[in-house]
Structures are given as C-alpha cells and as structure tokens.
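The values are calculated or read from the model by the stated rules, or taken from the named source; none is laboratory data. Just so you know, these numbers come straight off a predicted model, no measurement behind them. Glycine gets a Cβ as well: all are built from the backbone with ideal geometry, and neighbour counts include every protein chain shown. These area figures cover heavy atoms from the full protein model, side chains too; ligands, DNA and RNA do not enter into them. Shrake-Rupley method; radii C 1.70, N 1.55, O 1.52, S 1.80 Å.
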Amino acid sequence: MIQTAGEQDTAGSPGREGIRVSVRFGSGAIFNSGMDERAASEAATTAAQPPGLRVAPLLLLPGNTDGERWAAVGHVLITVTPGRVSVEATLVAAWAENGNVNEFTLIPAADSARRTEIESLAAHQLQERLELTDLSGEPVITAARLAKSLAEFSRNTVGSVREIRYALEACLAESSTDTKASEEYTDVIAALLQLNIICGRAADQAREAVREGLWVHTTDSEAYHAYRKLQDPALINQHSPATHETRPWMRVHDAAVRQCQEMCRQLEKETECIRMLLSAASSISGSREADAQARFNLLVALLSIGLGIPALFLTMYGANLLLPMNTWPKVGAFLPVGIALLGAGTAAIWFAPRGSKRRIWLLCGTSVLVVLVLMVAAAILAPVSLV
C-alpha cells in the first residue's frame, strides 16, 4: 500500500492486520448518494458478512514535540469488512496557535506544509485510539465500537477546548482591569471569536452525526428507523422502537449516538459562554472608554489649575512685586501660586489610575512638585537675579 502524508498502515502488526488510517483535508458535506455507493461497493467485496459502515464526528487538538498546538475539526468514515478496518478522516478546517498560548488562527488552504503536519499528527492520534479499541467480532459490531470510541474521544477533547476558554477568560479579566494599550485586549477578543468558530464547526459535525444516526441507514435501514422510533416515540413509521434485541450492536450504537449528543451539547454550551464573554467584553470596552474620558477630563482640570491660577496671579501682581520673595507679604502673595501647583501635583499622584498609564500620571505629578520646589528655591536663594 502506498503511504501518503497523514496516512498510517498497521498491516503486519500482531493481531491487527489490515488496519488503515488516513487523514486528509476535504469538504465537510456528506451526501446520501455517495454513502450509498460506498456501502454498495464494500458489500460487493464480501458476501460472507455485511460490511460495517459508520461516520463519527472528529475534534482534535494535536501538538508536536516543539509544544505547538493545532485544532482540527472534521468527521471520520469507518469501514469494516472481514480482515480489513479502514478509518478515513476528513478535516474540514484547522487552526494553529499564532505564537501566543491559547490563541488560534485559521490555517489557509495554501499553507500545505502545516496542513501536511496536521494530517500526520491527527493520523497518529487516531492510530493510538484504535489501539485502545476492541476490533474483534463481526464487521458491524467492530464498526459500532469504533464509532463509539472515536465519538467519545472527540467528546473528551471538548474538555481541552474548555480549558482554552478558561485561559482566555482569565486573560480578558486581567486586561479589563488594566489600562494598558488595547492591543492585548483586542487579541483576546479575536482569540475568543476563533474559538467560537471551532466550537461551532465541531458542533455541526456532531449534530449531523446524530441526525443521520451515524449513517447506519446506508447498511441497515431497518435498524436506523427502529432507533429513530426509540428516540421519538411520536414518529410515524412501521418499525418498533429499538431494543438490545433488535441488533447485537444496538447498545454500542446507542452509546455512540449519546456521545455525539453530549459532545454537541457541551460545544453549544461553550459557544454560549463565549458569546456571553464577548457581550461582557463589549460592556467592559465601553466602560473603559468612559473611564479614560473621565481621567482625561481630570488631567485637563489639573493642568488648568496648575497653569491657570499661577498665570492669573502673576498677571495681577507681576513678577517684580512678588520677587525677590524676602518678606512675608510677598510670601503671602506667592502662596496661591504655590498652593495651586502643590494641589495639581498632589492630585495627579493621588488619582493616578492603575496600569501602564499610572507611571505617566506619577511622572507628571512629580514634575509639578519638582518645578514648585525649584521655583521657591530660586526665589529665596537667588533673589537678586530674579529682580
């Protein structure tokens, strides 16, 4: 068998001959006509036992040895015939960390190098999952087990997605209480939007798998309609609700569908949480802009006091009447100027906001106080030069 990127063949491994795993990027749409043709083709190759055919949703978060992570969404076509197990994964979209932890960006179709690496890593993860699955028994039973195992694997991956959302939520809270530049805040919002897309696309795959009953109708229409009757007793058809006696693999099939339902429910919950975070971020952004405007108005008021009152008094009395400041009347006349500068500098230090802008406020307030001290020292120590 020819090996391609993202494809692993374990033929020759002890007790697991004929297992084939392949991963490729492709379309997310699955059509009944194509599935029916595939089922007919597989049935034509064997007459002893009916083939097992299932489609399960796929959500992956693979990583390489360098610590880089990717997210991939798609579905898995499982085909089992006597002596052969084929697991064909189709990735409909993939994302890569953009250099910042927990922040993912969509990988374009033109980036074939990273797509090839994701295919290889995804194939490796699927192969590890197959090693944990019992592949003995009839093809239909093996296909049901594989569908349940892979659906459970994808559902468990939602936990990792949830941890990413928690990390982004913490970053959002941290950046919201700081007055640093809005670049980091915007990056967190963009990361949340990308995570919402990942959750949405993965939920679509799980929802489609549930709606089609893992596509079991392509090989066993009667079991498919019986199981639908079990899910919705009000459904009008001629079949009785499915039980454990309907088919030997019905319990496993029911477990696989429930895994897909739980995966879809958890992803929809994550999407809801992300949307609430985005709504909160919008409110926080408006609040930050209002706070910034209030701080700007306060700074302007302090500058007006610090510059306007001294200029007013110097205009009224003139510098020649105040300097040199060697008598108490002159000190009293200079007192409003000193109080204005002292008040402006102290207020700038006292009302300095938190975050990176705090240093600017502290520097301005300190500079005003230093200027005040230098003015007083110059007026007292060098009175003759100031006349």
Extension length gain for T186 and Y166 (0.36 nm per residue less Cα distance), in nm, is 5.5 nm
Going highest first, how would you order 26-35, 146-155 by mean Cβ packing within 10 Å? 146-155, 26-35
When ranked by the protection proxy of mean other Cβ atoms within 10 Å per residue, highest first, what sequence do the peptides 52-58, 135-141 form? 52-58, 135-141
Per-q log10 I(q)/I(0), segment 23-147, q = 0.16, 0.17, 0.19, 0.22 Å⁻¹ (Debye; single scatterer per alpha-carbon; no solvent): -0.82, -0.89, -1.03, -1.23
Which peptide among 236-243, 156-163, 259-266 comes first, and what is the full order, when sorted by highest mean count of other Cβ atoms within 10 Å? 259-266, 156-163, 236-243
Among L132, T219, S240 the positive-end extreme of the charge dipole of segment 86-240 (Cβ point charges): S240
Taking all protein chains as present, what is the carbon and sulfur share of the accessible area of segment 27-80, in % to the nearest whole number, probe 1.4 Å? 53
Full extension from H124 to N100: what is 0.36 nm times the residue separation minus their Cα-Cα distance, to one decimal in nm? 6.1 nm
